[in-house]
Structures are given as C-alpha cells and as structure tokens.
Amino acid sequence: TTARAFDAPSTTNTVLDGLVAKIRWSGAAFVLLRATALDADVAPSDANADVFGCVDVTSLPAFGAKASKEKIVANVPLALGLTEQSYFAYLSGMAVEPERRGRGVGRALLRACDEYCGKMRPKPAVIALHVDEDNVRALRLYERYGYVRVNAREVEDTVGKVGQMFARAFTAGAKKKNLMYKR
C-alpha cells in the first residue's frame, strides 16, 4: 500500500514509521490534525472521501533537556529570540492531497492548528514551521494566514556563520528551507 506525503509516493510503513518516531520523541506533546470534507470547500461528490490533508504539531521547550535535538528545529528558538522559559509549537508534515489543493484544506488545517495551540499548556510563544523555498503555493498560504518569513540573514546572524557553514556541508543538495512563524 502507498500513501502520499509531500507529493512523493512512499510506503505506508515509511509514513507510519515517521509518525511512530515522532510520538516516541514527543509523547503527549505531539498531535496529528486532519482535514476532512466537513472542513474544506469540496463538491458534494467528494463528501464521502476520508482525509484530505493532515499536519502534525509538537509543543517544545525552547531550551533544556527536552528541547528538540533535530538541527533545523533546534535552531528555531535562537532565530526567533525565545527565552529559556519559552515553549513553541512546531508545525511539520503538512500534506494536502494534490487534487484538493486550493479548496480550503490548508486553511482548515491551519485553523485547527491555531485552535489546538491556543489550548496548549504551557502556552507556546510562537507557532513555527519550515517550508521549502521553492514551494510558492505553501509560502503564500502561510503568509495569508499570518505567518512571517524570517530573513535567512537574520538566522545566519543569530545561529552564526560557522553553524550555517556546517549545516550547508551536511545538507548539500537538499532544498533550502524558509523559517516562518506566527505569534
């Protein structure tokens, strides 16, 4: 069986393994939100379809033993100037069925994310995410929904040029990511 994740077919096991790993690392701080026909602008003929999109959200302390060890996420608190006592919500894994794009599924997922983050305790200082630099549709969606792009130069100044050089060396050939956030 295959599942779609980020426009690339992947085995269901790959998708499920990723979710299991996130749950193991994050425990109760992780939630998977989904959008169905009731959440989006869909034709009545599509109303019987199951899930049209999903996104996962994790509550993370900015610093300390339980802070993210994943390099791209670990740099978020520094890049956004969060305090040691801060928590932030990290949105990742947003996927919308290609044939459902432009029909409100992404907005429904972001609305659900906002609602869920509003109930998180401790309350997150920001909701942060990374998006591929060339994913123009996603960038527009996030900006319309109030997310602000962090200038790559600001991240470089905060994290340091040496840290950026190491990151580039280990991610050669990988797509560049834009950090975005919403307060």
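Could you identify the single residue in V148, V155, V162 that is modelled with pLDDT of 90 or more and open to solvent by less than 100 Å² (accessible area, probe 1.4 Å)? Outline the logic, then answer.
Working: V155 fails: modelled with pLDDT of 90 or more; V162 fails: modelled with pLDDT of 90 or more.
Checking each option against the conditions leaves just V148.
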With the condition kept exactly as written, say whether any residue in the stretch 115-136 is open to solvent by 40 Å² or more (accessible area, probe 1.4 Å) and modelled with pLDDT under 90.
no
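Test A79 against the criterion of being open to solvent by less than 50 Å² (accessible area, probe 1.4 Å) and closer than 25 Å to N151 by Cα, and give yes or no. Walk me through how you get there before you give the answer.
On the way: open to solvent by less than 50 Å² (accessible area, probe 1.4 Å): yes; closer than 25 Å to N151 by Cα: yes.
Here the answer is yes, as A79 does meet what is asked.
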Subset of the stretch 87-107 that is outside any strand (DSSP E or B) and open to solvent by 20 Å² or more (accessible area, probe 1.4 Å) - its residue that is farthest from G146 (Cα to Cα)
E99
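The values are calculated or read from the model by the stated rules, or taken from the named source; none is laboratory data. Given the structure is predicted, the values throughout are model-derived calculations rather than measurements. Accessible surface areas use protein heavy atoms only, side chains included; no ligands, DNA or RNA. Shrake-Rupley method; radii C 1.70, N 1.55, O 1.52, S 1.80 Å.
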